[in-house]
Structures are given as structure tokens and as C-alpha cells.
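Below: one structure, written as C-alpha cells.
The values are calculated or read from the model by the stated rules, or taken from the named source; none is laboratory data. Remember, it's a predicted structure, so these values are computed and weren't measured experimentally. Every residue, glycine among them, receives a Cβ derived from its backbone with ideal geometry; neighbour counts consider all protein chains shown. These area figures cover heavy atoms from the full protein model, side chains too; ligands, DNA and RNA do not enter into them. Shrake-Rupley method; radii C 1.70, N 1.55, O 1.52, S 1.80 Å.
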There are 2 protein chains.
Amino acid sequence: MSDDEKGGAGAAWRSLGDFIRSQRELANLSMRQLAEIAKISNPYLSQVERGLYKPSADVLKNIANALHMSAETMYAQAGLLDDSPDRDESHHGVEHAVKLDPLLTVDQKETIIRIYRSFLGRE
Amino acid sequence: MSDDEKGGAGAAWRSLGDFIRSQRELANLSMRQLAEIAKISNPYLSQVERGLYKPSADVLKNIANALHMSAETMYAQAGLLDDSPDRDESHHGVEHAVKLDPLLTVDQKETIIRIYRSFLGRE
DNA sequence: TGCTTGCGCTAAGTATACCAAGCACATGCT
DNA sequence: AGCATGTGCTTGGTATACTTAGCGCAAGCA
């Protein structure tokens, strides 16, 4: 279904472009598809994902909408929102969210967390 | 794009420029003072307040900080925040946290999300 | 074997966000 | 009268966001 992530382990995105690219691949969209929805040209999206250009907030909003995510999340990733100092930084969002999920059983939670930790390479 | 934002029901400000100008005057700051604090040139601030240019999110954030207001408020006034998010229940917890995790690869995220959905019974 | 269609990327140009220098008019001081 | 210093604004240029045309490659199909 989806192509392999080249380069292997370590998906920590160094920039906004990496973030957008990972979100786009997660949504199984090609560059031209996402560019069409976000109303930008596909070469420009290419440059943005490669970190060559930093898109304006308007474009950022369109991309966020196209990826079904809130504009705030996008702006936060772009570093445009960091004036509010009080951010409730729960360290591991995944484990926290899993533990709080009301639809999972205890065993299912343990399974997911175990898989998650194995992916991170720590026991 | 839309240069005339009409139809804003009850909007006290015709445009973003008017909003900034009123906030600046409310803070008893001259253009040069605000421009200095916001790290932009005063002619540019003049153009912005007169609605000739639409500032980037970066500048918007600086102006908001200089006026001691949150960047979100500024973005909302600039019309950069009014996305229409579908109220998808998958956005709430686990899937959202997984997608935003910076340490997982795209494939790992897809794996975890697939397991999570299978646990919920909705493939 | 070719033709088509999809992909991401490059190159070159246009539009616009943004800055430095300076204008025109006020006010205050001597 | 002069000369400072303040205000907002205009002009001309530079940096950068963004687009249109097209390249090279891989996969499907005649």
C-alpha cells in the first residue's frame, strides 16, 4: 500500500516541511493531490516539504484544512504560535492518550503501549 | 483573494489594519514605537494599518506580542484561523497523538493506528 | 517495443511582503 | 524668525513567497 520510508528509523521531523510531508504520506495523498486541495502548485509544495521555502499563514491554513487538522496545530509546528508560554506539555502524548482512551480495554492499552515502546527502541 | 471582508456580522473592525491601529492607539503607542517593538519598519506598519498589505503570520505574531495580546486573537482577526474542522471522533485522542509523535516513522504510525482501529472494531 | 499516466523535482518568471531613505506637516524651544 | 524633534506617509528598491512550463523516472497497457 504505502511505500517504504527511506532512511529507516528516526522520523523526528527537523522542520515544518518534514512535518507536512509525514502528514501527507499518512493521509495517502500525492503532492499533486494535496496541492490541488490546498490550492497551491505542486512544485511549491515540493519546495515547502524540502524546507526551501517557509509558507505564509494563508497557505499553511489551507494545507492544514486539506489534511483535516486544525490551523493551530499547523501554526504551532511552524513556530508561529510560541508566544503563549503556558503550554501543558504532557511528555508522551501517545501513551497519555492511550491510557485515557475510554474505548480500549486495559489489555488493549498495554498492547498498544508495548508496540509503541518497541518502535521507540526502549523497553 | 478577498480584499473586502464584508458580511462580518457585528464586526467592529472593517479590516485587520483598523484593528491593529485601534489597538495601537489604545496602547498609546506611536507607529515608530510599535514598529520598533514588533521589529518591523514603520512605513510598513503604516501600509498594514491602511490595509495596503496583508502581513505574514510571523509579523502578525510580533505585532500581537508587542500589543500584549495572544497570537491566536491576531490570527483570528486576520481570518487565518477560521478553518472548518470536521468533528471527527478520531481526532480526539490516540490517533491524533500518534500522528503528531515526532519519534515514529510513517509506517510505524500506520501500524499503530491500524491496530488501534482494529481494537475499536471499526476498520 | 512504444505510448500513456502517474510521481517528485528543477528552472525561470511574476507577485508581493518588507525595508531604508526621505518628504510634509505639526509642535515646542530659544 | 530659526531649528530641533515628533507624527504619519510616499517612494524606490530588495528579498521571498508562489506559479507555469517542462524534465526524468517508474509502472501499467497496447
query: Does A:Ser46 qualify as being in a helix (DSSP H, G or I), closer than 21 Å to B:Thr105 by Cα, within 12 Å of DNA strand D (Cβ to nearest atom) and at pLDDT 90 or above?
result: yes
task: For A:Leu80, state whether it is modelled with pLDDT under 90 and surrounded by 20 or more Cβ atoms within 10 Å (Cβ to Cβ).
output: yes
message: Return the pair list, or none, for Cβ contacts closer than 7 Å from residues in region A:5-32 that are more than 14 Å from B:Lys99 (Cα to Cα) and of a type in the set (D, E, K, R) to residues that are at pLDDT below 90 and within 13 Å of DNA strand C (Cβ to nearest atom), at least 6 apart or on different chains.
response: A:Glu5/B:Val106
task: Kindly indicate whether A:Ser22 is at pLDDT below 95, more than 10 Å from DNA strand D (Cβ to nearest atom) and not in a helix (DSSP H, G or I).
output: no
statement: Looking across region A:46-72 at residues that are near DNA strand C (Cβ under 8 Å from one of its atoms) and not acidic (Asp, Glu), the single one that is most open to solvent (accessible area, probe 1.4 Å) is A:Arg50
- line: Quick count over region B:32-43, residues being open to solvent by 40 Å² or more (accessible area, probe 1.4 Å) and more than 10 Å from DNA strand C (Cβ to nearest atom), is 3
